[in-house]
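Shown next, in structure tokens, is the structure this report addresses.
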Amino acid sequence: MRYGLNLPNGGADPQTLSEFASLAEKAGWDGVFLEDYIVWQGHQDIPTYDPWVILAAMALRTEHIHLGTMVTPLARRRPWKVAREAVTLDHLSNGRLILGVGLGDNISSDVSFAHFGEMTDPRQRAKMLDEALDVLVGLWSGEPFSYQGEYYHIDEVALLPRPVQLPRIPLWVGGAYPLKGPMRRATRWDGACMYKNVVHYLQPDDVRALKAFIESHRLTSEPFDIVVGGSPRRDDWEKERAYIRSLAEAGMTCWVEYVPPDDSGAMRACIERGPLRVD
């Protein structure tokens, strides 16, 4: 079992967030993952900062903790730019990057999409996401690569360097469980970081069913992460610990606790108290 933190990229300044990564490493967390919004959760009155720049600062202030996004909506990014940014972060962190990907908020009024002329239709976003993932992996190979899709077109090109991590940077797929689209997409990659549709909290039976689906549809026996969480710690810590334990016994490999934006003192306290370990 690993334990990660999910931090907002809005409501806290870059210097503070990079310091939080250092504190998390000292407090025993295994990973720090940033949200990836242009406008944090649609709140235009909350200052929002670029997560990729913050991750670079975090990489320079830490030594062994994993770093990444949870999640990057690839449909509003050029995948070749993400490929280059991710490889740079992987080298900067000496192979500690995990890239979480997804569609983004499936709401047509999502400011980070709708207000900038980005695709809002979730079916189209899903197709763009699948193509973008193929492009990422092809460009990370370091070999001559070309691509002709519905949304992305690349004439033959080779991008160097390759990632530090081989065969590539791990990819975790986010989405709403039990929708089949995100589940099928996850089987192609390295992990699933899903929330339960409508009620958010996955239960042990959900984790078991997700694990069985992955195992029955995956074409490789390589390790696969089932990542659960994404909510603040509840007040009853022993009840929360029992919940985490039940998920771990069902097949969860990584628990992620969300720390919402608040004054820096409150966020700092949430990080310094460390994870609710059950192993």
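Of the residues making up the range 107-130, those that are of a type outside the set (Ser, Thr, Tyr), in contact (Cβ under 8 Å) with a residue 40 or more places away in the chain and surrounded by 14 or more Cβ atoms within 10 Å (Cβ to Cβ) are Asp110, Val111, Phe113, Glu118, Met119, Gln124, Arg125, Ala126, Met128, Leu129, Asp130.
Just a yes or no: is a residue in the range 47-65 of a type in the set (Phe, Trp, Tyr) and under 15 Å from the mean Cα position of the chain (by Cα)? Scanning the range 47-65, I find at least one residue that is of a type in the set (Phe, Trp, Tyr) and under 15 Å from the mean Cα position of the chain (by Cα), so the answer is yes.
One line per residue, one yes/no per condition, for (1) of a type in the set (A, V, I, L, M, F, W, C); (2) touching a strand residue (DSSP E or B) at 6+ places or on another chain (Cβ under 9 Å):
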site: Arg84; (1), (2): no, no
site: Ser93; (1), (2): no, yes
site: Ile98; (1), (2): yes, yes
site: Thr120; (1), (2): no, no
site: Gln124; (1), (2): no, no
site: Asp130; (1), (2): no, no
site: Leu136; (1), (2): yes, yes
site: Leu139; (1), (2): yes, yes
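Right, Gly229: closer than 22 Å to Val82 by Cβ and in contact with a Cys (Cβ under 9 Å, 6 or more places away or on another chain) or not? In short, no. Anything in the range 76-106 that is touching a Gly at 6+ places or on another chain (Cβ under 8 Å) and at pLDDT 95 or above? List them, or say none. Selection gives Leu97, Ile98, Leu99, Gly100, Val101, Gly102.
Residues of the range 5-24 include at least one that is part of a strand (DSSP E or B) and more than 12 Å from the chain's Cα centre (by Cα).
Tell me the residue from Ile65, Ile54 that is surrounded by 22 or more Cβ atoms within 10 Å (Cβ to Cβ), more than 25 Å from Leu247 (Cα to Cα) and among the hydrophobic types (A, V, I, L, M, F, W, C), please.
On the way: Ile65 fails: more than 25 Å from Leu247 (Cα to Cα).
Being surrounded by 22 or more Cβ atoms within 10 Å (Cβ to Cβ), more than 25 Å from Leu247 (Cα to Cα) and among the hydrophobic types (A, V, I, L, M, F, W, C) holds for just one of Ile65, Ile54, which is Ile54.
Can you find even one residue in the range 155-162 that is touching a residue at least 60 places away in the same chain (Cβ under 8 Å), surrounded by 12 or more Cβ atoms within 10 Å (Cβ to Cβ) and within 19 Å of Thr88 (Cβ to Cβ)? The answer is yes; a qualifying residue exists. Take Gly4 and tell me if it is in contact with a Cys (Cβ under 7 Å, 6 or more places away or on another chain), crowded, with 22+ Cβ neighbours inside 10 Å and of a type outside the set (Asp, Glu). Yes: the conditions hold for Gly4.
The values are calculated or read from the model by the stated rules, or taken from the named source; none is laboratory data. Treat the numbers as computed from the prediction; the structure is a model and nothing was measured. Note that we place each Cβ from the backbone using ideal geometry, even for glycine, and neighbour counts take in every protein chain shown.
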